[in-house]
Structure formats: C-alpha cells, structure tokens
Amino acid sequence: MPVSRRRALALGALSVPALLRAPAARAQETTLRLHHFLPAVSNVHRFFLQPWAQKVQSESGGRLRVQIFPAMQLGGAPPQLFDQARDGVADIIWTLPGNTPGRFPRIEVFELPFVSHKRAIVNCRAVQEFAEKNLREEFREVHPICVWAHGEGLIHSRKEVRTMEDLRGLKLRFPSRLNGEALRALGAAPVGMPVPQIPEAVSQGVIDGAVVPWEVVPALRLHEMLKFHTEVPGSPTLYTTSFILAMNKAKYEGLPAESRRVLDANSGMVAAEMAAKPWDEQGPVVERMARGRGNQITVITEEEKARWVQATRPVVEAWQAGTRERGFDAGALLEEARALVAKHGQGVS
C-alpha cells in the first residue's frame with residue numbers, strides 16, 4: 001500500500017473518535033433564554049444582567065450560555081413574565097412580583113412605605129436573606145436565582161413637589177399596589193402601568209409624572225420629559241420595588257450537575273449583590289445628568305417627611321389586616337423586614 005494511502009487511512013481512523021466525541025461535547029452546552037421588560041440600553045441590562053450572564057458563561061467554561069432578550073422580544077406583556085418562566089416560554093425571567101397585585105403577598109412587606117433603605121445594596125441583601133427564609137412557598141412554581149429590591153425611589157413630575165399639598169391630585173405612575181396606596185394616602189392620584197408605558201403616558205398627558213429610581217430614568221428619557229425630581233431624606237425612604245430573577249424549574253433540574261453548580265454559585269446573595277450595582281453606582285451618574293440639564297432636584301425637609309410617614313401609616317395597618325386571612329403573621333414579617341434592613345444598613349450611608 002502506498003505510504004500516502006496508509007497515512008490517509010491512519011488519519012481517518014484517528015479522526016473517527018474525535019467525530020464521535022464532538023456531539024457528546026456539544027450536548028453538554030446549553031443556551032438559556034433570559035427575557036425581561038426594559039430595553040437593552042437600560043442600566044439593569046447593561047450593568048447587572050449582561051455581567052451576570054458573562055460570569056456564568058466564563059465560569060462554566062462556555063458550556064452554559066445566557067442569551068438575553070430585552071424589551072419583551074419573546075412576546076407577551078411584562079405582567080406575564082413570571083408565568084413565562086413557570087411555563088417554559090422563557091428559561092429565565094427578570095420581573096416585578098408587584099406586576100401581579102396580591103399574588104405574592106409576603107414580599108410586599110418591603111414595598112410598604114418607609115420600610116426600605118436609601119441604598120440598594122442594603123435592600124438587596126435584606127430581601128435576599130428574607131426570601132431564603134420566607135418566600136420558598138411564594139415562589140414554588142419557579143427556581144429563584146435571586147430576589148432583591150432597588151434603592152430609593154423618587155417622584156419625577158411636571159411641577160415641583162415639596163409638600164403633601166403639592167401632591168394633591170397629581171397623576172403619578174406607581175410600580176406596585178402598595179406604592180400606589182401610599183401615593184393615594186399622600187393626596188396624589190396614582191395610576192398603575194408597566195415601566196415601558198411611562199414615556200408615552202407622560203407625552204400624552206395621561207400622567208403628570210412617575211415614581212421610579214434614578215437608575216431607570218435614562219432608558220425612559222424622563223430627565224428630558226420632566227423637569228422636577230423629589231426625594232425623601234435619609235432612611236427609611238418612601239418606597240422600593242422588589243424584583244426576582246427566576247428560572248423554569250424543569251430547565252434547571254435538567255441541566256448537567258456541573259452547570260447547576262455554576263448557576264448555584266452565581267445565585268442567592270452573590271447575584272443579589274451584583275443586582276445592587278445599577279442603582280448604587282449608576283443612580284448618582286443619572287442624577288448628575290439631570291442636574292446638567294438644569295432640572296430641579298428637591299429634597300423634602302425632615303419635618304415634611306414626618307408628615308408623610310404619619311399619613312401613610314394606615315397603608316401599613318391595612319396591609320397587616322388584609323394578610324391575616326392569607327395564613328401568615330404580617331406583623332412578624334414586618335418586624336423581620338425592618339430588622340434585616342437595619343442589620344444590612346449598619347455602616348452604610
């Protein structure tokens with residue numbers, strides 16, 4: 001047999017195992033589809049979800065990839081995201097439990113007025129620790145990756161707000177049920193809608209403003225549409241909104257063990273602390289951006305804040321009364337939530 005032919009056969013024989021191994025190697029590679037409601041330019045997409053996805057891919061050696069679909073690109077509306085994870089329409093979702101009022105009553109404790117901290121890192125740690133102990137049943141239909149809440153929320157409006165009297169009749173978008181009830185207690189006219197609808201609602205005069213944290217303002221161009229921004233001094237602050245990054249249970253359980261270990265290593269408190277960055281790091285950047293446009297930023301006085309705390313106490317009391325029939329001790333959960341905020345807020349200004 002000519003040497004060239006023998007060599008070709010030998011090379012061919014060597015290549016067979018490689019070809020047989022290739023499908024097996026590829027079978028260990030998994031791409032997870034992550035679906036959320038904000039555009040790709042949003043700070044959470046750029047400074048949390050993308051870095052988290054890249055970290056998962058790197059630590060899995062490329063075996064686990066996360067493909068992000070922003071702005072509801074996989075279809076549906078923001079309030080449907082949780083069910084998309086439950087049903088497998090998406091593998092992972094980022095959403096607000098408050099998008100479906102009353103469905104997740106325990107996590108609402110952090111959305112009560114004047115419970116949350118000014119800084120996102122405190123709220124993120126507090127909510128994640130709370131979730132690990134108290135929210136397993138609440139989120140049993142999915143595999144939670146992390147649960148958290150943003151830093152201080154502000155009032156962005158067409159007119160200056162310094163007092164409760166300035167809020168009277170002001171049509172303000174709110175993100176979740178208890179946020180809306182707090183605004184109503186302060187004299188405003190709350191209007192509920194998902195975040196993506198805010199710009200059109202402002203431009204058409206449907207609302208006079210919105211309550212959102214600084215972080216989301218550029219994605220909505222609120223600093224261009226609204227001139228006045230009002231914040232509450234210190235902690236606790238007026239409100240926060242809770243979030244969940246959740247995965248389809250069957251998809252998680254069907255992953256190879258090593259891929260699950262990588263996901264687990266990037267879940268819980270690790271992921272919650274990563275989630276704090278868009279609010280704590282990008283919030284001040286956005287505030288400077290608004291000041292640079294000549295917008296007016298008002299911090300209400302401590303005396304006025306005390307009035308707001310007093311005016312919203314009935315919201316807290318009504319929530320406690322309304323949860324008795326749900327089978328849990330709302331007072332104990334509220335006490336625990338406040339204790340966790342205090343614990344993680346030590347030394348954080």
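For Rg and Dmax of the Cα atoms in Å, computed directly from the structure shown, the correct entry in (i) 36.7, 134; (ii) 20.0, 64; (iii) 23.7, 99 is (iii).
Per-residue extension of 0.36 nm, minus the Cα-Cα distance of Glu165 and Arg326, leaves a gain of 54.4 nm for this segment.
Residue exposure proxy: Ser203, Ser176, ordered by other Cβ atoms within 10 angstrom of their Cβ from fewest to most, comes out as Ser203, Ser176.
In terms of its C-alpha gyration tensor, region 162-230 has a prolate overall shape, because the principal axis ratio a/c (a ≥ b ≥ c, square roots of the eigenvalues) is not below 1.5 and a/b outweighs b/c. Spin-label model, Arg158 to Gln28: label points 7 Å out along the Cα-to-beta-carbon direction sit 6.1 nm apart. Answer rounded, prolate or oblate for region 214-323, using the Cα gyration tensor with square roots of eigenvalues a ≥ b ≥ c: rounded when a/c is under 1.5, else prolate when a/b is larger than b/c, else oblate. Since a/c reaches 1.5 but b/c is at least a/b, the shape of region 214-323 is classed as oblate. The residue list Gln128, Leu38, Thr100 was ranked by how far each Cα lies along the charge dipole of the chain toward its positive end, using unit charges on Cβ atoms, and Leu38 comes out on top. Considering helices alone, the calculated mean residue ellipticity of the chain at 222 nm is -13500 deg cm²/dmol, with DSSP H runs of length four and up weighted by -39500 (n - 2.57) and normalised per residue.
The fewest-to-most ranking of Val122, Val348, Val315, Val270 by surrounding Cβ atoms within 10 Å reads Val348, Val270, Val315, Val122.
Dipole of region 224-349 computed with +1 at Lys/Arg Cβ and -1 at Asp/Glu Cβ about the Cα centre; of Leu255, Ser267, Val316, farthest Cα towards the positive end is Leu255. Output the pairs from Lys118/Lys249; Lys118/Lys343; Lys118/Lys277; Lys249/Lys343; Lys249/Lys277 with a Cα-Cα distance over 23 Å in this structure; if there are none, say none. Correct reply: Lys118/Lys249; Lys249/Lys343; Lys249/Lys277.
Laboratory data are not the source of any read-out in this text; all were calculated from the coordinates shown. Because the structure is a prediction, the values reported are computed rather than measured. For neighbour counting, all protein chains shown are included, and Cβ atoms are generated from backbone atoms with ideal geometry for every residue, glycine included.
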